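The values are calculated or read from the model by the stated rules, or taken from the named source; none is laboratory data. On a predicted model such as this, the values are computed, not experimentally measured, just so you know. Virtual Cβ from ideal backbone geometry, glycine too; neighbours counted across all protein chains shown.
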Amino acid sequence: MSADWTSLVAASATAFTTLIFARAALHKLGDFTTFTGFVADYQVVSERQVAPVSMALAAAEVVVVATAFLPGLQPLGSVVAIGLYLLYATAIGLNVARGRDRVECGCGGAVQPLSWTLVARNFVLAAIAAIGLAGPISALSVAEAVTAIVSGFTLFVGYQLVEQIMANFTQMRLKR
């Protein structure tokens, strides 16, 4: 039986979100000490809380990735992803509002200082993660699943290009 288009779109959004969080989790776990430095730089938790909060954030990102592959748990991953994006947007927004825009985001992609653009980006990413809740992705045929994965990967590559352009623009602006 063929899934409807909402399931295909939801699966594409889930694939995209999973790739974003896989990259982010690898970044955090690959150099956890540097990541704890990013968390400390945000100055939203006490020094004593930096390591446990950093571990919790990395673990939550791993949950987003793992639930994409566990039958019936994908909606949980989408909800965790939405929560993380909104949490990150809040932390970035607090710092930008405080005038602390020279802090590196620590997002795992191109190096970018905090900005309102990153806040908006996280809201857009939260909306895309919410699309993952639009339909049951378990109803996809093999061909539809492959299509969704390719679509999610294509979005991910496009996202990385846009992110690099944003980082380049920010760096050029800061050099002026």
Practice prompt. Please name all residue pairs, on different chains or six or more residues apart, with Cβ atoms under 7 Å, provided the first residue is in the range 116-139 and is in contact (Cβ under 8 Å) with a residue 40 or more places away in the chain and the second residue is surrounded by fewer than 22 Cβ atoms within 10 Å (Cβ to Cβ) and of a type in the set (D, E, K, R).
Written response: G135/D4
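Which ones in the range 64-105 are outside any helix (DSSP H, G or I) and touching a Cys at 6+ places or on another chain (Cβ under 8 Å)?
none
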Worksheet entry | Meets criteria (in a helix (DSSP H, G or I), modelled with pLDDT of 90 or more, under 19 Å from M166 (Cα atoms) and among the small types (G, A, S)) for A130 | no
Item to complete: Starting from the range 68-88, take each residue that is free of Cβ contacts under 8 Å to residues at least 24 places away in the same chain and farther than 16 Å from S7 by Cα and list its partners that are in a helix (DSSP H, G or I) and among the hydrophobic types (A, V, I, L, M, F, W, C), counting only C-beta distances under 6 angstrom and pairs at least six apart or across chains.
Response: V80/A60; V80/V63; V80/V64
Discussion item. Any residue that is surrounded by 20 or more Cβ atoms within 10 Å (Cβ to Cβ), among the aliphatic types (A, V, I, L, M) and at pLDDT below 95 - is there at least one of those in the range 71-88?
Written reply: no
Discussion item. Of the residues T17, T34, T6, only one is assigned to a helix (DSSP H, G or I), at pLDDT below 95 and within 22 Å of V142 (Cα to Cα); which?
Written reply: T6
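Yes or no, residue by residue, for (1) modelled with pLDDT of 95 or more; (2) outside any loop (DSSP other than H, G, I, E, B); (3) within 24 Å of V62 (Cα to Cα):
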position	(1), (2), (3)
C107	no, no, yes
G152	yes, yes, yes
A167	no, yes, no
T170	no, yes, no
L174	no, yes, no
Response to the item:
Within the range 17-36, restricting to residues that are touching a Ser or Thr at 6+ places or on another chain (Cβ under 8 Å) and buried (at least 18 other Cβ atoms within 10 Å of the Cβ), the one that is farthest from L155 (Cα to Cα) is T36
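I'm trying to understand the selection: among the residues of the range 37-63, which are of a type in the set (S, T, Y) and buried (at least 18 other Cβ atoms within 10 Å of the Cβ)? Working first, answer last.
Start the filter on the range 37-63 by keeping residues that are of a type in the set (S, T, Y), which leaves 42, 46, 54.
Y42, S54 - these are the residues of the range 37-63 that are of a type in the set (S, T, Y) and buried (at least 18 other Cβ atoms within 10 Å of the Cβ).
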